[in-house]
Amino acid sequence: MFARYVIILLLAGVSFAFTAESADSVSDIPLPKQSAYTGKGFTVGIGMGVFDASEKCDCVGIWQGQADYFYTPWFSGGVEVRFFGGEMDSRISVLYQRYRLSGKFHLSISNFSMYLSPLVGLETTDISELREQWKNRSKNGDDIDDIDDDEIASVADSAIKVTNCEKMFSLDGFSAGLEFGMGYAFPKYLGVFGAVHYEHNFNNSQLLTLTPGLGFNLRSFWDWAQKNTYSLWFTMEGGFQRYFHRGVSDWNRALIFGFTLGV
């Protein structure tokens, strides 16, 4: 019995030492959307921030997450989710959701990595349902005749505003696209990354996104993370995107803070 426990402890020690050695020797390069190139294992990321659709719309919150698995050092596949939510003005709210599946073909040289990623996605939004509540407000017990002229004007302005802002959240349905990205890890604490993303929605809409960012390597000064993780970054990511449909000419802007973990 004692020998059995000794063998188990020895195997556990060897396993831990192997994990520590692997974690120390693996590549660790930050990539866009709270991702990283490690060449093995899983990477997961989560971020949140603010999204400014245009000068005609109020800012809304944005949350995103991703999970990626390296099947080989040169190929990984995963899923990405993104939510936009908030009040477009004092009366109208929006909840916009994106789901994407992607595969990434990687090329890594020393501290530099780049990838090409085909992807498919699904987008949904319930803004039209929320607008319908205002159209049918009299059915909820509100007498339209009791509304003063200022409130009527305010509701009308809101409707016009939402009509314009709705174009920023109207990629409903399926889409397909391509993304090219890269990242570089400096010898110590910092890394930089960026991506160009093009997506075509089957409602004949196109989306172009530019994503620059800066990462802070938490593993570089945390011994436990160096031994037990492949990657651990805090990232600050910008986003500039443009919709090509229905006369939309504004560039959207986003700022997202997040964390990336590789195991």
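Couple of notes before you dig in:
- For the set 242, 100, the ranking by accessible area, highest first and with no ligand, DNA or RNA atoms included, is 242, 100 under a 1.4 Å probe.
- Residue-level accessible surface for residue 240, protein heavy atoms, 1.4 Å, Å²: 90 Å²
- Accessible surface of residue 244, taken over heavy atoms with a 1.4 Å probe and every protein chain present, rounds to 90 Å².
- Each Cα pair of region 194-263 feeds into the Kirkwood radius, which the Stokes-Einstein equation turns, at 10 °C and 1.306 mPa s, into a diffusion coefficient of 111 µm²/s.
- Using R0 = 51 Å, the C-beta based FRET efficiency linking residue 222 and residue 122 works out to 0.85.
- Rounded FRET efficiency, nearest 0.05, which uses the C-beta distance separating residue 107 from residue 244 and R0 of 25 Å: 0.30
- Long-range amide H partners of residue 75 with built H, under 5 Å: 106
The values are calculated or read from the model by the stated rules, or taken from the named source; none is laboratory data. Predicted model, so just to flag it, every value in this text is computed and none were measured. Every residue, glycine among them, receives a Cβ derived from its backbone with ideal geometry; neighbour counts consider all protein chains shown. Ligands, DNA and RNA are stripped out before the accessible areas are found, and what is left, the full protein with its side chains, is counted by its heavy atoms. Shrake-Rupley method; radii C 1.70, N 1.55, O 1.52, S 1.80 Å.
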